[in-house]
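Working notes, structure below.
Since every read-out is calculated from the coordinates, none of them should be taken as a lab result. Given the structure is predicted, the values throughout are model-derived calculations rather than measurements. Quick reminder, even Gly has a Cβ in these numbers, built from the backbone with ideal geometry, and neighbours come from all protein chains shown.
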Amino acid sequence: MMGRVISESGGLFRSPTLFFRECVRLGIDSAPLVLIVGIFTGAVTGWQGHYQLEGYMPFDLIGPATFKTLVLELGPVLTALIIAGRVSASIAAELGSMKVTEQIDALESMAIS
């Protein structure tokens, strides 16, 4: 299967416009959702940090601590989870729509995989 993937990837740049359109649709269009989740995660982390460390840490250090926590630890993990979930749901919905409208059967009958 991996050999077939590698052999078929030669036609990847046959249509660069389509390739870059899919990159934008799957990657860059996920940015607003990642931003919203990051904002709310930062707010909750800062609020909980202030609540938990109220007597132990100066209030001025809660913001930088929250920033470092989100950028170094939670940011990459949440970004990966959000993008993976959004992209897989998008592709599954597109394939489901193609199956319902019998486009997949048409591709199979034309011997296009």
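Here are the numbers for the structure shown:
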item	result
Where a residue in segment 14-32 is of a type in the set (S, T, N, Q) and its partner, wherever it lies, is surrounded by 11 or more Cβ atoms within 10 Å (Cβ to Cβ), with Cβ under 8 Å and at least six apart	Ser30/Ile82; Ser30/Ile83; Ser30/Arg86; Ser30/Val87
Segment 54-104 - residue that is in a helix (DSSP H, G or I) and of a type in the set (Phe, Trp, Tyr) and, of those, farthest from Pro32 (Cα to Cα)	Phe59
The listed residue being in contact with a helix residue (DSSP H, G or I) (Cβ under 6 Å, 6 or more places away or on another chain), in a helix (DSSP H, G or I) and of a type in the set (Gly, Ala, Ser), out of Gly42, Gly38	Gly42
Which numbered condition Ile112 misses (of (1) in a helix (DSSP H, G or I); (2) under 30 Å from Glu22 (Cβ atoms))	(1)
Scope segment 3-30; condition among the basic types (Lys, Arg) and surrounded by 11 or more Cβ atoms within 10 Å (Cβ to Cβ); matching residues	Arg21, Arg25
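Each row is one residue, and each column tells you yes or no for (1) acidic (Asp, Glu); (2) surrounded by 13 or more Cβ atoms within 10 Å (Cβ to Cβ); (3) within 18 Å of the chain's Cα centre (by Cα); (4) within 30 Å of Ala93 (Cβ to Cβ).
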position	(1), (2), (3), (4)
Met1	no, no, no, yes
Pro32	no, no, yes, yes
Gly38	no, yes, yes, yes
Thr41	no, yes, yes, yes
Val44	no, no, no, yes
Gln52	no, no, no, no
Leu61	no, no, no, no
Glu73	yes, no, yes, no
